[in-house]
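Heads up: the structure comes next, in structure tokens.
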Amino acid sequence: MESSPLYNFSKIIARSNKMLAIFKTIQKIANFKTSILITGESGTGKELIAKSIHDSSLRRDKPMIAVNCGGIPETLLESELFGHAKGAFTDAHKVKKGLFEEADEGTLFLDEMGELPLSLQVKLLRALQEDEIRPLGDSKTVQVDVRIITATAKNLGEMVNRGLFREDLYYRINVLTIEVPPLRERREDIPLLAEHFVQKYNNRLKLNTKEVSEDCLQRLINYNWPGNVRELENVIERSMVLSEHDVLTTEILPPELLRHTAASNEDLFFWDEFSIKTNSKKLEKQLITKALSETKGNKTKASGLLEISLPALLYKIKEYQVGQ
């Protein structure tokens with residue numbers, strides 16, 4: 001089943017209130033050149049948020065270029081960002097455009113801003129304030145029209161206090177902050193994400209996985225996901241490759257995940273809204289699923305555990321589509 005368009009915003013799959021609020025923010029700010037800082041743990045999808053901002057803006061037909069500030073040696077990073085003139089250094093045999101020029105009229109996404117060396121922070125600040133850059137070894141400046149989006153998993157405010165990040169640059173890039181919540185704070189998104197990744201790897205790996213079993217899905221919901229969405233995607237891909245059936249079941253999950261969810265299996269329920277009526281139905285469904293798992297599918301025994309009649313259990317199984 002395809003994910004509902006209601007929960008698919010610019011290729012981000014979500015239905016949680018926190019993520020829906022981010023979608024609204026993106027729509028409001030997309031067309032402004034305001035600098036945006038995206039914060040969040042590793043694996044939460046900060047680059048996807050940046051791409052959504054670009055794709056929702058009037059700059060969508062121009063380049064969006066992403067650079068990992070921690071992935072390029074400091075000696076090369078200045079040349080990568082601002083370019084260089086011929087002869088600027090030993091191996092500079094020709095003029096090279098930097099990423100600022102490559103992203104002209106588009107968006108430049110600077111990931112892992114906390115890794116940017118102090119020596120380059122001054123030059124970046126000038127580029128943001130003046131809308132111009134000076135290529136390495138060149139005496140002339142180049143005008144650029146670039147929307148800057150930055151991201152970090154670090155606390156830049158603390159880095160400012162410790163003298164590791166320039167205060168003036170921090171306030172320049174932090175005009176508007178989008179904080180991406182970790183997956184454990186939006187567990188209601190896990191079923192949608194799991195379904196999306198099953199579809200993705202069915203297509204990519206030519207597999208025919210139909211669904212994730214109820215018990216397996218509940219394990220995914222209960223897990224705390226230190227690696228966030230990236231870790232969930234890896235677990236789904238791994239499980240699909242190893243599975244000998246067309247349904248992903250609990251035993252195929254990584255041992256580490258099973259160990260961490262076993263202790264929390266008594267507390268299956270998660271809250272994502274205040275409606276007593278809605279949450280009561282969710283709780284009923286989860287308790288029925290757990291009882292059926294405990295009794296290995298024996299509905300008579302399950303009805304005894306749940307302290308309801310067998311006909312009532314059969315009705316609820318049909319109503320909630322448990323095990324179907």
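Read-outs: derived from the displayed coordinates by stated rules, not from any lab. The structure displayed is predicted, hence computed values, not measured ones. Reconstructed Cβ throughout: ideal geometry from the backbone, glycine too, with neighbour counts over all protein chains shown.
Would you please name the trypsin sites (Lys or Arg not before Pro) within the stretch 128-179 that are DSSP coil residues with at most 16 other C-beta atoms within 10 Å of their C-beta? Passing both the DSSP loop test and the Cβ count: Lys140, Lys154, Arg162. Once C-alpha pairs closer than 8 Å and six or more residues apart are averaged by separation and normalised to the residue number of the stretch 185-320, the relative contact order reads 22 percent.
The angle separating the long axis of helix 228-242 from the principal Cα axis of greatest extent in the chain is about 60 degrees. Here, the stretch 185-320 has an Rg and a Dmax of 15.7, 46 Å when only alpha carbons are counted. Could you tell me which of the pairs Lys51/Lys206; Lys11/Lys33; Lys24/Lys210; Lys96/Lys140; Lys290/Lys316; Lys18/Lys318 are separated by over 25 angstrom between their Cα atoms in the structure shown? Where the Cα-Cα span goes over 25 Å, the pairs concerned are Lys51/Lys206; Lys24/Lys210; Lys18/Lys318. Relative to the compact-globule estimate of 2.2 N^0.38 Å, the Cα radius of gyration of the stretch 17-180 comes out at 1.03. Each pair of Cα atoms in the stretch 19-66 enters the Kirkwood radius, and Stokes-Einstein at 4 °C and 1.567 mPa s then converts it into a translational diffusion coefficient of 115 µm²/s.
Fully extending the segment from Glu130 to Lys296 would add 53.0 nm, taking 0.36 nm per residue of separation and subtracting the current Cα-Cα distance. Adding -39500 (n - 2.57) for every DSSP H run of four residues or longer, then dividing by how many residues the chain holds, sets the calculated 222 nm ellipticity at -13500 deg cm²/dmol. Take every pair of alpha-carbon atoms less than 8 Å apart whose residues are at least six positions apart; their mean separation over the length of the chain yields a relative contact order of 18 percent. Give the angle, between 0 and 90 degrees and rounded to the nearest 10, that separates the Cα long axis of helix 118-130 from the longest principal axis of the Cα atoms of the chain. It is inclined by approximately 80 degrees. For the stretch 118-223, pairs of C-alpha atoms spaced more than 25 angstrom apart make up 53 percent of the total.
Modelled spin-label separation between Arg230 and Lys281, with each label point placed 7 Å from Cα along the Cα-to-Cβ direction: 3.7 nm. Would you mind getting the Kirkwood hydrodynamic radius of the chain from its Cα pairs, rounded to one decimal in Å? Result for the chain, one decimal place: 22.7 Å. Report, to the nearest 10°, how far helix 17-29 tilts away from the longest principal axis of the Cα atoms in the chain, using its own Cα long axis and a range of 0 to 90°. So the inclination is approximately 30 degrees.
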